[in-house]
Amino acid sequence: MKHFIITIARGYGSGGKTIGKMLAEELGIHYYDRELLRLASDDSGINEELFGRVDEQLKQSLLYKLVKKEYKGELIPPDKEDFISNDNLFNLQAKVIKDLAGEESCVIVGRCADYILKDNPNVIKIFVHASLEDCVIRLKDMFSLSPKELEKKVIDTDRRRAEYYRYYTGRIWEDVKNYDLCLNTKQLGFDKCVEIVKSYIDIRSK
């Protein structure tokens with residue numbers, strides 16, 4: 001498997017982004033996170049700020065959250081009024097993810113990439129998680145917040161990610177069946193997580 005894509009879904013504060021960057025550096029491949037917003041903007045001509053406003057979160061409307069819009073790969077053309085709707089912004093970002101997966105080996109963080117690329121045989125799907133306590137400890141130097149406030153931030157962020165994932169995929173974000181590997185950074189540490197993924201790639205390549 002010379003060409004491969006690593007997708008990383010991650011709990012907030014678990015260190016998934018750090019692991020993704022470490023993997024990209026060690027494997028000599030590109031790392032994509034918020035860069036996807038810029039690429040989608042460049043590809044569509046829609047202002048990047050609009051993509052940023054809905055990045056991995058849904059509208060606050062309860063009705064909007066209850067409805068499911070499972071991604072099917074469709075795109076709304078520019079002449080339609082829904083061209084800059086939240087759903088089409090997701091579709092346009094998904095197109096960029098598919099294009100990248102077809103062109104190069106890379107690491108893609110979040111944005112339902114594991115589901116978008118579910119039919120690609122060269123995808124390695126990872127979920128990175130840690131205990132709430134460990135996530136709070138990891139975040140305490142990043143924010144001037146109390147432990148209780150940090151707990152709320154972690155819980156709220158993970159809830160938004162789970163809602164976003166369910167809306168566009170119809171799946172449960174934390175369901176282990178969605179992933180090839182689930183890594184607990186509290187138990188393993190970042191370096192060991194990276195080594196496990198690299199070993200898994202080697203096994204898949206044989």
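Summary table below
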read-out: Number of the condition not met by Gly52 [criteria: (1) under 23 Å from Gly170 (Cβ atoms); (2) at pLDDT below 95]; value: (1)
read-out: Test: Lys152 is more than 17 Å from Lys17 (Cβ to Cβ), at pLDDT 95 or above and not polar (S, T, N, Q); value: yes
read-out: Selection within segment 159-198 - assigned to a strand (DSSP E or B) and out of contact with any helix residue (DSSP H, G or I) (no Cβ under 8 Å at 6 or more places or on another chain); value: Asn184
read-out: Selection count where residues are within 15 Å of the chain's Cα centre (by Cα), surrounded by fewer than 16 Cβ atoms within 10 Å (Cβ to Cβ) and touching a residue at least 12 places away in the same chain (Cβ under 8 Å), scope segment 163-173; value: 0
read-out: Pick from segment 1-59, criterion assigned to a helix (DSSP H, G or I) and in contact with an Asp or Glu (Cβ under 6 Å, 6 or more places away or on another chain), ranking: surrounded by the most Cβ atoms within 10 Å (Cβ to Cβ); value: Leu37
read-out: Close pairs (9 angstrom Cβ cut-off, 6 or more residues apart or separate chains): of a type in the set (Val, Ile, Thr) in segment 23-35, part of a loop (DSSP other than H, G, I, E, B) and surrounded by 14 or more Cβ atoms within 10 Å (Cβ to Cβ) anywhere; value: Ile29/Phe4; Ile29/Ser105
read-out: Unique residue being exposed (fewer than 15 other Cβ atoms within 10 Å of the Cβ), on the phi < 0 side of the Ramachandran plot and in contact (Cβ under 8 Å) with a residue 40 or more places away in the chain when the list is Val176, Val96, Val123, Val109; value: Val176
read-out: Selection from segment 128-154 of residues that are touching a Lys or Arg at 6+ places or on another chain (Cβ under 7 Å), of a type in the set (A, V, I, L, M, F, W, C) and within 30 Å of Phe4 (Cα to Cα); value: Val128, Ala130
read-out: Residue match in segment 103-121 (condition: closer than 28 Å to Ile76 by Cβ, in a helix (DSSP H, G or I), in contact with a Ser or Thr (Cβ under 6 Å, 6 or more places away or on another chain) and not aliphatic (A, V, I, L, M)); value: yes
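The values are calculated or read from the model by the stated rules, or taken from the named source; none is laboratory data. Fair warning: this is a prediction, and the values are worked out from it, not measured in the lab. Cβ atoms come from the backbone with ideal geometry, glycine included; neighbour counts cover every protein chain shown.
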